[in-house]
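Each remark here refers to the structure printed beneath this line.
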Amino acid sequence: MSRLLSSSVLVVGTTVLMAAAGAVFWVVAARLATAEDVGLAGSLVAAGDSLAMFAQLGLNIAIVRALATSSRRAADVVTAALVVVSAGGVLALGYALLLPVTSPRLAEVLSSPLTIALFAVLVAMTALNILTDSVFLALDRIWSYLRLNGVLMGVLKVGLPLALAGVGAFGLYCSVGLAVAACAAGSVWSILHFLPGPRRPAPSPELLANRGFAAAGYVTYVLTVLPLLVFPVLVVNALGSARAGSYFISFQVATLLNAVVLAVANLSYAEAERARTGRHAVVRRSGLLIVGGSAVGCVAMVVLAPYFLAIFGDHYVDSGTTTLRVLSLACVGAAFNYWGMLRLRLTGNLAAMIGSQAVSTVVMLVLAVALVDRGTVWVAAAWGVGHAVGGLIGWLLTTTVVPFADAAPVRTEELEPA
């Protein structure tokens, strides 16, 4: 438990440092650029991050499972990296080419072949950085993860706006993208320096055997993200833009707690995959850490909610405090769901993985559609209830129909000491 707890502290520290650097970046950006440029840059950052996540194709989950038993770990990392980089570049290119139709104002920011090409490269590198985060967790290289993501990327993200201040919205986006790209490059170097074996892009049998697992992980990710895309549209259509703004700000604040919970859940999954025996005990301890930690964070967020929202203005305190408190409680439901996902991944049962998250997502969407007219508090509650249902299904399935084994497959090769 001590190693899991100490690693969790480092992961939480990294997440907090990343969030703090992001906050400082937007404060600096607001001082150096116009509000319009900040808004456009924010839209590009959000789009780039989403495209980079979709570019994972489930490999960020499958690589954790495969590296535990892989006979060619370095080659697996290179193979997965090439796939997500290629997917990220293609998705970014398609997004940029569609902008004249979908968002003419953003199309003006990506108005030349050079800016479109640079956008595609930076999205591809963002996708690579997301993949390497999972690899660090799989290899238990948490200190490297902290130094690169928490320190290097934060320093660059804060400093680059000063160098690119005169380039407008695209310069602000490049400040973020170049910081992430430098982190991705450093992460690949650190990982390959640590891993033995050939570096040719020739996937191991273990990685190939997890192609279906990657696909299932990708589907579950899409299902998890879908409500986050739909809810803001529901709120603005039913309640108007002012209420939508309050919901958005409240959700952004709650996202910090959710990000910490998700990071610890991902770490716990990597810990469980590395465990040779006693996986049931590891998972039980992980559940206490994930759900218990989220409950502590929830209590703190409930108390501090009006103070967080006061940073944005009195309007948000008046209209968003209760919503933020419900979203904080919903993060406990999300933690339960992430623990259920962890358990289902260990079973390797693809139908159970997808089915559980599908039910969770349907519950969220149905409740949100039915209750949105009553206010943003009910939309927040729908998010939490849906997660809780997903966690309950995951727990029930893994304790009855599809239990996971207590012992893991035998490794074909052991890592050298760090």
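Checking a compactness column here: for the chain, what do you get for Rg(Cα) / (2.2 N^0.38 Å), N being the number of residues?
Working: Rg = 21.0 Å, N = 418, 2.2 N^0.38 = 21.8 Å.
So the Cα radius of gyration is 0.96 times the expected 2.2 N^0.38 Å.
Using the Karplus relation 6.51 cos²θ - 1.76 cosθ + 1.60 with θ = phi - 60°, the per-residue 3J(HN,Hα) values for region 342-353 come to 4, 4, 5, 4, 5, 6, x, 7, 5, 4, 5, 4 Hz, with x marking Gly and Pro.
Its residue count N fixes a reference of 2.2 N^0.38 Å for region 45-94, and the Cα radius of gyration divided by that reference is 1.24. Spin-label model, residue 103 to residue 189: label points 7 Å out along the Cα-to-beta-carbon direction sit 3.3 nm apart.
Each Lys and Arg Cβ is given +1 and each Asp and Glu Cβ -1; about its Cα centre, region 210-325 then shows a dipole of about 560 debye. Of 289, 17, 239, the residue with the greatest mean-square motion in the GNM of the chain, using alpha carbon springs below 10 Å, is 239. Here region 247-324 and region 104-130 have alpha carbon centers that stand 31 Å from each other.
Dividing the summed helix terms, -39500 (n - 2.57) for each DSSP H run of n ≥ 4, by the number of residues in the chain produces a 222 nm estimate of -28500 deg cm²/dmol to the nearest 500. Convex hull volume of the Cα atoms of region 273-418, normalised per residue: 137 Å³.
Shown here is the pair-distance distribution of region 226-282: with all Cα-Cα distances grouped in 10 Å bins from zero up to the longest one, the shares run 21, 31, 20, 17, 10, 1 percent. The residues of the chain have, on average, 42 Å² of accessible surface per residue, using a 1.4 Å probe with all protein chains present.
Kindly identify region 117-164 as rounded, prolate or oblate by the Cα gyration tensor criterion: order the square roots of the eigenvalues as a ≥ b ≥ c, call it rounded if a/c is under 1.5, otherwise compare a/b with b/c, prolate if a/b is larger, else oblate. The partial results should precede the final answer.
Working: a/c = 5.47, a/b = 1.37, b/c = 3.99.
Oblate, since a/c reaches 1.5 and b/c is not below a/b.
If you wrap region 145-245 in the convex hull of its Cα atoms and look at it from every side, the mean projected area works out to 10.7 nm². For the chain, with all protein chains in place and a probe radius of 1.4 Å, 72% of the accessible heavy-atom surface sits on carbon or sulfur. Taken over region 78-151, the convex hull of the Cα atoms encloses 101 Å³ per residue. Note on the chain: with a GNM built from Cα contacts shorter than 10 Å, the maximum mean-square fluctuation among 383, 189, 143 falls on 189.
The values are calculated or read from the model by the stated rules, or taken from the named source; none is laboratory data. Since this is a predicted model, take the numbers as computed values, not measurements. Quick reminder, even Gly has a Cβ in these numbers, built from the backbone with ideal geometry, and neighbours come from all protein chains shown. For the accessible areas, the whole protein counts, side chains as well, though only heavy atoms, and no ligand, DNA or RNA atoms are used. Shrake-Rupley method; radii C 1.70, N 1.55, O 1.52, S 1.80 Å.
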